[in-house]
Amino acid sequence: MLLFALGFLLIILQPSTGQFPRACANVQSLLSKECCPPWDGDGSPCGELSGRGSCQNILLSQAPLGPQFPFSGVDDREDWPSVFYNRTCRCEGNFMGFSCGECKFGFSGLNCTERQVKIRRNIFQLTASEKNKFLAYLNLAKNIPSRDYVIAIGTYTQMNNGSNPMFRDINVYDLFVWMHYYASRDTLLGGSSVWRDIDFAHEAPGFLPWHRVFLLMWERQIQRITGDENFTIPYWDWRDAEDCEVCNDEYMGGRHPTDPNLLSPASIFSSWQVICTRSEEYNSQQALCSATSEGPIRRNPGNNDKSRTPRLPSSADVEFCLSLTQYESGPMDKMANYSFRNTLEGFADPQTAISNPAQSGLHNALHIYMNGSMSQVQGSANDPIFVLHHAFVDSIFERWLRRHRPMLEVYPAANAPIGHNRENYMVPFIPLYRNGEFFKLSRELGYDYEYLQEPALQSFQDFLTPYLQQARQIWAWLVGAAVFGGIVTAVVTGLIRACQKKKGGTSSEIQPLLIESEDYNNVTYQSNF
C-alpha cells in the first residue's frame with residue numbers, strides 16, 4: 001500500500017537534480033553550448049523575469065593542475081562542463097537549480113528565505129515504520145524514471161560534436177550510480193588505450209566535498225519523488241563493528257542461503273540489477289556505460305582479502321584521523337602523508353597517517369569488506385549500503401571541520417589533481433557546484449547529525465564563528481598590539497612611580513611642575529592603558 005501511494009506521487013511531483021538536464025540534451029543546446037532552460041514559474045530562461053537568475057557565461061578556474069593527468073583536450077570532463085555547455089543559469093540569492101527553480105541547500109519557502117536544518121539519524125535509532133519507509137523510498141527510486149535528467153551514452157566526439165545527441169532515460173536511483181561511475185571512469189584515449197590515473201571524485205582533495213554534494217542531491221531527489229520534505233539519509237556508525245550489522249533482511253539484505261555472494265531472496269534488494277560495473281569491457285570498446293542491467297547486487301561481507309583489510313575501522317582509527325591538522329598535503333593524491341582527507345579516504349594508515357595504498361583503511365575498508373558490488377569504485381553505488389556508509393564518512397568530515405574550524409583557504413586552490421582545485425566545478429553535476437563551496441559546516445547546508453547535536457553549545461558556536469574567523473585572520477596584529485600595550489603600560493607606570501619618589505624627596509621650591517594640583521588624583525586613571 002505504501003509503495004502504491006508513493007508511486008502515485010510520481011504523477012504530481014518532479015525530481016530536480018542530476019546530470020544532463022533533459023531540456024538541454026538536444027541538438028540546439030549542444031551546438032549553441034547553452035543550457036539555460038526556462039523556469040516553470042514564469043517561462044523565462046533561468047527565471048530571469050522573476051529575478052531568480054540569468055543565462056551567463058561559465059567562469060572556469062585558470063589555476064594550474066597537478067601532474068597526474070598529462071593530457072589536454074582528450075576527456076569530456078576537462079574544464080567541466082565546457083565541452084558540452086559554456087553558458088548556464090547563474091542563480092541569484094538563495095535560488096539554485098539548472099533553471100533556478102529550487103532553493104539552495106539549507107533554505108526553503110516560496111522565495112527561499114526560510115533557513116532549515118534537518119537531522120540525519122543512526123539507522124538503528126529509526127522506528128520500525130521509519131526504517132520500512134526508508135527501504136520503500138529506496139525501492140521507489142529504483143523504479144521511477146527521472147523526469148528531469150538523462151545520461152550520456154556517448155562521448156562528445158561520438159555525438160559528432162553535438163549534432164548527434166546520444167542520451168537515454170534512467171531511473172532516479174541509477175542516475176546517481178551512473179554519476180558516480182562517470183566521475184571515476186577511465187579516460188578513453190582511442191584504439192584500446194585508456195588512462196587510469198584520473199578520478200574526479202576520489203584520491204584527491206575533492207573526495208569529501210564531492211560526496212557531500214552527491215548525498216545532498218540524492219537526499220533531495222528522495223524528498224521530491226516522495227513528497228516527504230523531511231526525509232534525511234540515515235547513517236550506519238560502523239566503528240568497532242564486528243561484522244556487517246546492516247546485512248540482514250530487516251535492513252539492507254541478508255546472505256543468500258545457497259550462494260553467499262548474493263542477497264537473500266527475502267530482501268527487496270535481491271531483485272535489483274546493477275549497472276556500470278564492467279569497466280574493462282567499456283574501455284576495450286571505447287564506450288561509456290549505457291546503464292543496461294548487468295546482473296544482481298553481489299555482496300559477501302567479511303570474506304574479503306584480510307591482508308588488505310584485516311578488520312572494520314575502530315573508534316581509535318577515527319579519533320587519530322580527526323587529530324590530524326592538515327586537510328591535504330604533498331602531492332594531494334593517494335600518496336599524501338599526514339593528510340586528513342587521505343587518511344579518512346583510506347589510502348593512509350589510520351594509526352600513522354603514512355600513505356600505504358596496499359592497505360585499505362577507514363572509508364576504503366568498508367568498501368573492500370563488503371566484497372562485492374560495493375568493492376569496485378565505479379559501480380560501488382549500486383549497493384544501497386553505499387549511502388549509509390558515506391553519510392557516516394561525511395559525519396567524520398563534519399567532526400573535523402568543527403574541531404579545526406579551517407578557513408576556506410585551507411582547501412587547495414591550485415596544483416591538485418585534475419578537477420580537484422578549490423574553484424573547479426564538480427563532475428558531472430548540473431547545476432554547477434565548486435569544490436570549495438562545500439568545504440563548510442553542514443548546518444550552513446541545512447543538515448546535521450543526530451550524534452553530533454549539542455543544541456545550546458551549537459547555537460553559541462554559530463554565533464561566535466564569524467568573530468572567531470575574523471580573529472584568526474588578524475591574530476598576529478592582536479598579539480602585537482597586546483605586547484606593545486603591555487610595554488607602554490610598563491614604561492608609563494615606571495615613569496609615574498619615579499616621579500612620585502622624586503617628589504617625596506625634593507623641596508617644593510625645586511620640584512618640576514608636572515601637572516596642576518587639581519589633576520593629580522587623575523594620574524593613575526589617565527595613564528592606565
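The values are calculated or read from the model by the stated rules, or taken from the named source; none is laboratory data. The model shown is predicted, which means the values in this text are computed figures rather than measured ones. Virtual Cβ from ideal backbone geometry, glycine too; neighbours counted across all protein chains shown. We work out accessible area using only protein heavy atoms, side chains counted, and drop any ligands, DNA or RNA first. Shrake-Rupley method; radii C 1.70, N 1.55, O 1.52, S 1.80 Å.
The table below lists the values:
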| quantity | calculated |
| --- | --- |
| Lone qualifier among 224, 239, 220 - being under 23 Å from the mean Cα position of the chain (by Cα), outside any helix (DSSP H, G or I) and of a type in the set (Lys, Arg) | 239 |
| Where a residue in the stretch 251-268 is at negative phi and of a type in the set (Val, Ile, Thr) and its partner, wherever it lies, is part of a helix (DSSP H, G or I) and open to solvent by less than 40 Å² (accessible area, probe 1.4 Å), with Cβ under 7 Å and at least six apart | 268/135; 268/139 |
| Residues that are at positive phi and in contact (Cβ under 8 Å) with a residue 60 or more places away in the chain, drawn from the stretch 326-344 | 332 |
| Residues that are crowded, with 16+ Cβ neighbours inside 10 Å and within 28 Å of residue 26 (Cβ to Cβ), drawn from the stretch 62-81 | 75, 76, 77, 78, 79, 80, 81 |
| Subset of the stretch 258-305 (residues that are under 17 Å from residue 178 (Cα atoms), of a type outside the set (Ser, Thr, Tyr), in a loop (DSSP other than H, G, I, E, B) and open to solvent by 70 Å² or more (accessible area, probe 1.4 Å)) | 278 |
| Within the stretch 145-159, tally of residues that are over 21 Å from residue 431 (Cα atoms) and either open to solvent by 20 Å² or more (accessible area, probe 1.4 Å) or under 25 Å from the mean Cα position of the chain (by Cα) (or both) | 2 |
| Inter-residue pairs, beta-carbon under 6 Å, first more than 23 Å from residue 35 (Cβ to Cβ) and in the stretch 63-89, second among the β-branched types (Val, Ile, Thr) and surrounded by 20 or more Cβ atoms within 10 Å (Cβ to Cβ), 6+ apart | 65/418; 69/198; 69/418 |
| Selection from the stretch 345-400 of residues that are touching a His at 6+ places or on another chain (Cβ under 7 Å) and without any contact (Cβ under 8 Å) to a residue 40 or more places away in the chain | 346 |
| Residue list for the stretch 343-370, filter: in a loop (DSSP other than H, G, I, E, B), at pLDDT 95 or above and of a type outside the set (Gly, Ala, Ser) | 347, 349, 350, 351, 352, 354, 356 |
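Yes/no per residue for (1) among the β-branched types (Val, Ile, Thr); (2) touching a strand residue (DSSP E or B) at 6+ places or on another chain (Cβ under 8 Å):
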| residue | (1), (2) |
| --- | --- |
| 164 | no, no |
| 168 | no, yes |
| 177 | yes, no |
| 190 | no, no |
| 215 | no, no |
